[in-house]
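Notes for the one structure printed next.
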């Protein structure tokens, strides 16, 4: 499992220009089962995605399709972790 932390590297007006396309991209990856939860930072400096893929290489290919990546609007910090404990109802996230 991976924590993807996006940090915007441009003006929010640029982010807003591509926001609808970014949301459509997120919805597609949720439908494919790659993304588990996501949201924006507060204050709005970027966002977080919790992703479950078979490998870092697969995740990198998925993130390359993000319009924020394509347009070079954000940098991505990726941390892999192995979930070993979960709250009730989230046991399916364990490996």
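The values are calculated or read from the model by the stated rules, or taken from the named source; none is laboratory data. Nothing here was measured: the structure is a model prediction, and the numbers come from that model. Heads up, the Cβs are rebuilt from the backbone with ideal geometry, glycines too, and the neighbour counts pull from every protein chain shown.
Annotation note: Cβ proximity below 9 Å between a residue of the range 56-79 that is exposed (fewer than 11 other Cβ atoms within 10 Å of the Cβ) and a residue that is part of a helix (DSSP H, G or I) and at pLDDT 95 or above (sequence gap 6+ or interchain) occurs for 64/70.
For every residue, the table says whether it meets (1) touching a helix residue (DSSP H, G or I) at 6+ places or on another chain (Cβ under 9 Å); (2) surrounded by 11 or more Cβ atoms within 10 Å (Cβ to Cβ); (3) under 15 Å from residue 2 (Cβ atoms).
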position	(1), (2), (3)
17	no, yes, no
33	no, no, yes
36	yes, yes, yes
44	yes, no, no
49	yes, yes, yes
53	yes, yes, yes
84	no, no, no
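If you go through the range 1-25, how many residues are in contact (Cβ under 8 Å) with a residue 24 or more places away in the chain and over 17 Å from residue 77 (Cα atoms)? Residues that pass the stated criteria total 7. Out of 18, 2, one residue alone is in contact with a strand residue (DSSP E or B) (Cβ under 9 Å, 6 or more places away or on another chain) and at pLDDT 95 or above. It is 2.
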